[in-house]
Amino acid sequence: MPCRLYLITPPRIDAGFPALLEKTLAAGDVAAVQIRLKDHAPEEAARLAAPLVRIIQAAGAAAIVNDDPALAAALKADGVHIGQDDGTVKAARAALGPKGIVGVTCHDSRHLAMVAGEAGADYVAFGAFFPTATKSPKTRAEIGILEWWSEIFEIPCVAIGGITVDNAKPLVAAGADFLAVSSGVWGHPDGPEAAVKAFNALLTA
């Protein structure tokens, strides 16, 4: 299966973002979009997320809510992405039902990834692979963890953290199933649509 793009929203969005998201998703293949509105208060983030879920799903991508299984279920999102402090895979699965996608942040830890896989996670996320402006990563992951995981396990792995069109190629070569990208798309000098096209060109090369 070729590696695919997994978008993450900017932490703060404005009124024009839904239209920008629509255009960005129309620019090329995007497997999923994680709605991660960390710079908004929880109530505001929930309100802003609702129309984004519909836009993402209409474009044929999976809408993933960050950190909050109950909100993901309430918004009829396709899944949730949980960190190590956001409850268990079992609880997330209970909130979303058997068809919901549950992804887990595993930092640079083989142990955490195996635990998540055994608990029934649909994907594991490793990172950060590069310096990132979007958040302060707790860990720096080595590319070898992607090679190790993809050789042994069937569960998809997501590479995250500071990924751009320019530095992504080694992650793809190492076996990442998805590249999770935020500022590498939204902050691209030629705009997010150009970034999606460039990532797609890289991933299908």
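Among the residues of region 15-29, some residue qualifies, meaning at least one is surrounded by fewer than 18 Cβ atoms within 10 Å (Cβ to Cβ), among the charged types (D, E, K, R), under 23 Å from Gly103 (Cβ atoms) and touching a residue at least 24 places away in the same chain (Cβ under 8 Å). The set of residues in region 132-164 that are touching a Ser or Thr at 6+ places or on another chain (Cβ under 7 Å) and surrounded by 17 or more Cβ atoms within 10 Å (Cβ to Cβ) comprises Thr134, Cys157, Gly161, Gly162. Elements of the type helices (runs of 4 or more DSSP H) sitting completely within region 100-205 and holding at least 1 residues that are closer than 22 Å to Asp29 by Cβ, touching a residue at least 40 places away in the same chain (Cβ under 8 Å) and not hydrophobic (A, V, I, L, M, F, W, C): these cover 183-186, 192-204.
Of the residues Thr134, Thr164, the single one that is at pLDDT below 95 and touching a helix residue (DSSP H, G or I) at 6+ places or on another chain (Cβ under 8 Å) is Thr134. The number of residues in region 68-108 being charged (D, E, K, R), closer than 17 Å to Ala45 by Cβ, touching an Asp or Glu at 6+ places or on another chain (Cβ under 9 Å) and surrounded by fewer than 19 Cβ atoms within 10 Å (Cβ to Cβ) comes to 1. Residues in region 33-58 that are surrounded by 12 or more Cβ atoms within 10 Å (Cβ to Cβ), assigned to a loop (DSSP other than H, G, I, E, B) and free of Cβ contacts under 8 Å to residues at least 60 places away in the same chain: Leu37, His40. Any residue at all in region 114-123 that is hydrophobic (A, V, I, L, M, F, W, C) and surrounded by fewer than 16 Cβ atoms within 10 Å (Cβ to Cβ)? Looking for residues that are hydrophobic (A, V, I, L, M, F, W, C) and surrounded by fewer than 16 Cβ atoms within 10 Å (Cβ to Cβ), one finds at least one in region 114-123, hence yes.
The values are calculated or read from the model by the stated rules, or taken from the named source; none is laboratory data. As the structure is a computational prediction, the values presented were derived from the model and not from experiment. So basically every Cβ, Gly included, is an ideal-geometry build from the backbone, and we count neighbours across all protein chains shown.
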